[in-house]
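Structure, as structure tokens:
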Amino acid sequence: MCCSSSIERDKALMGEPEAFDISAVKGMKFFDPHVHMTSRTTDDYQAMADAGVVALIEPAFWLGQPRTGLDSFRDYYSSLIGWERFRSSQFGIKHYCTIGLNSREANNESLAEQVMEILPLFIYKEGVVGIGEIGFDDQTAAEEKYYRLQLQLAKEAGLPVQVHTPHRDKKKGTQRSMDIALEHGLDPYSIIIDHNNEETVKEVLDRGFWAAFTIYPFTKMGNERMVEIVKQYGPERIMVNSAADWGISDPLAVPKTAALMKMRGLSDQDIELVTYRNAITAFAQSGQIDEADFNAQKNVDLTEKFEGNTILRGGQQPRTDKSSIIIS
């Protein structure tokens with residue numbers, strides 16, 4: 001029989017985050033630049049705060065089934081700059097977002113045309129640090145059309161772009177995404193190419209783009225593999241995210257990967273760059289990120305309300321102990 005340690009390593013190599021103690025990075029700060037908190041619970045916010053996550057970016061994406069009307073997009077974008085931002089603040093985490101028409105729903109051209117008309121109403125709002133996540137899924141003509149239109153919008157607004165690279169035929173889709181961005185005259189330094197793997201990272205870095213990696217169970221990138229990538233390519237223009245969403249995913253993927261990097265001998269400086277500093281540098285090009293806000297965010301008042309609503313329910317009282325904010 002195979003020993004348990006080799007089983008854990010095999011799981012990690014397949015992309016499943018290891019279950020290990022993250023106390024190795026206790027006291028470090030983390031920035032998750034891609035996590036879909038709309039689909040996560042308040043328990044996840046608490047766990048992230050306890051693990052050292054001080055800020056995050058929530059990209060606009062699809063909800064698991066296609067939206068059928070413009071108002072559903074309008075309400076969703078409003079929630080990203082409103083309620084979700086407030087909910088995050090109640091756990092001491094600074095919330096930012098990127099706004100865009102995702103690639104899957106770009107294929108509904110009649111609806112996509114309407115969405116493009118309202119995007120300018122949201123991209124200049126406080127807390128919006130880029131256009132995203134946009135790019136290719138099935139790599140259709142419609143996806144390319146709306147990717148190009150949104151790149152132009154980002155150029156006009158002076159905002160960074162968060163690019164979703166496709167799950168299928170990733171190398172081709174990643175190359176095409178970069179080619180088109182350059183055709184539109186965008187600076188590669190303003191483009192964050194996401195969901196990279198060993199097949200794409202070298203070209204992304206060689207061409208001057210930011211390379212983001214998603215630590216996600218069974219797909220995208222495992223944290224063991226992520227350690228090897230940083231060892232091979234160094235920490236410059238590389239960032240790690242969880243992309244935690246409504247599927248099987250881990251909102252603690254960033255601090256867990258940092259802990260594994262520490263265990264594998266990477267320096268604290270390199271770990272800080274790929275799990276905190278690089279994300280700030282890339283998205284601060286929006287003019288929206290100030291690290292001083294992260295500390296100010298720690299002064300949590302659970303009696304606060306957003307448009308009359310609170311995260312407390314049915315007479316729940318705010319708790320001051322971190323072990324249980326809501327449940328007595």
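The values are calculated or read from the model by the stated rules, or taken from the named source; none is laboratory data. Please read these numbers as outputs of a predicted model, since none were measured by experiment. Ideal geometry is used to build each Cβ from the backbone, glycine not excepted, and the neighbour counts take in all protein chains shown. In case anyone asks, the SASA skips ligands and DNA or RNA and just uses the protein heavy atoms, side chains included. Shrake-Rupley method; radii C 1.70, N 1.55, O 1.52, S 1.80 Å.
Some values worked out for this structure:
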{"read-out": "Tabulated pairs, the stretch 23-40, first free of Cβ contacts under 8 Å to residues at least 60 places away in the same chain, second open to solvent by 10 Å² or more (accessible area, probe 1.4 Å) and among the hydroxyl-bearing types (Ser, Thr, Tyr), C-beta under 9 angstrom, 6+ apart or interchain", "value": "Thr38/Tyr76; Thr38/Ser79"}
{"read-out": "Matching residues in the stretch 262-312 - criterion: being among the basic types (Lys, Arg) and under 15 Å from Ile192 (Cα atoms)", "value": "Arg277"}
{"read-out": "All positions within the stretch 140-159 that are surrounded by fewer than 17 Cβ atoms within 10 Å (Cβ to Cβ) and assigned to a loop (DSSP other than H, G, I, E, B)", "value": "Thr140, Gly158"}
{"read-out": "Strands (runs of 3 or more DSSP E) (entirely within the stretch 160-252) containing at least 1 residues that are open to solvent by 20 Å² or more (accessible area, probe 1.4 Å) and at pLDDT 95 or above", "value": "161-164"}
{"read-out": "Within the stretch 52-84, tally of residues that are more than 14 Å from the chain's Cα centre (by Cα) and closer than 24 Å to Met28 by Cβ", "value": "1"}
{"read-out": "Within the stretch 109-136, tally of residues that are within 26 Å of Asp179 (Cα to Cα) and open to solvent by less than 10 Å² (accessible area, probe 1.4 Å)", "value": "12"}
{"read-out": "Pair list, Cβ < 6 Å and 6+ apart or interchain, from the stretch 189-212 residues that are among the β-branched types (Val, Ile, Thr) to residues that are open to solvent by 20 Å² or more (accessible area, probe 1.4 Å)", "value": "Thr200/Lys171"}
{"read-out": "Residue that is open to solvent by less than 10 Å² (accessible area, probe 1.4 Å), out of contact with any strand residue (DSSP E or B) (no Cβ under 6 Å at 6 or more places or on another chain) and either closer than 19 Å to Ala279 by Cβ or not in a loop (DSSP other than H, G, I, E, B) (or both), where the choices are Ala55, Ala106, Ala49", "value": "Ala106"}
{"read-out": "Of residues in the stretch 278-324 being at pLDDT 70 or above and of a type in the set (Gly, Ala, Ser), the one surrounded by the fewest Cβ atoms within 10 Å (Cβ to Cβ)", "value": "Ala292"}
{"read-out": "Matching residues in the stretch 253-277 - criterion: being open to solvent by less than 10 Å² (accessible area, probe 1.4 Å) and either within 17 Å of the chain's Cα centre (by Cα) or touching a residue at least 40 places away in the same chain (Cβ under 8 Å) (or both)", "value": "Ala253, Val254, Pro255, Thr257, Ala258, Ala259, Leu260, Ile271, Val274, Thr275, Tyr276"}
{"read-out": "In the stretch 1-36, the residues that are modelled with pLDDT of 75 or more, touching a helix residue (DSSP H, G or I) at 6+ places or on another chain (Cβ under 6 Å) and open to solvent by less than 40 Å² (accessible area, probe 1.4 Å)", "value": "Val25, Phe30, Phe31, Asp32, Pro33"}
{"read-out": "Some residue of the stretch 67-79 being in a strand (DSSP E or B) and modelled with pLDDT of 95 or more", "value": "no"}
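Yes or no, residue by residue, for (1) of a type in the set (Lys, Arg); (2) touching a Cys at 6+ places or on another chain (Cβ under 7 Å); (3) farther than 16 Å from Asn102 by Cα:
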site: Gln139; (1), (2), (3): no, no, no
site: Arg148; (1), (2), (3): yes, no, no
site: Leu153; (1), (2), (3): no, no, no
site: Gln162; (1), (2), (3): no, no, no
site: Asp169; (1), (2), (3): no, no, yes
site: Tyr189; (1), (2), (3): no, no, yes
site: Ile192; (1), (2), (3): no, no, no
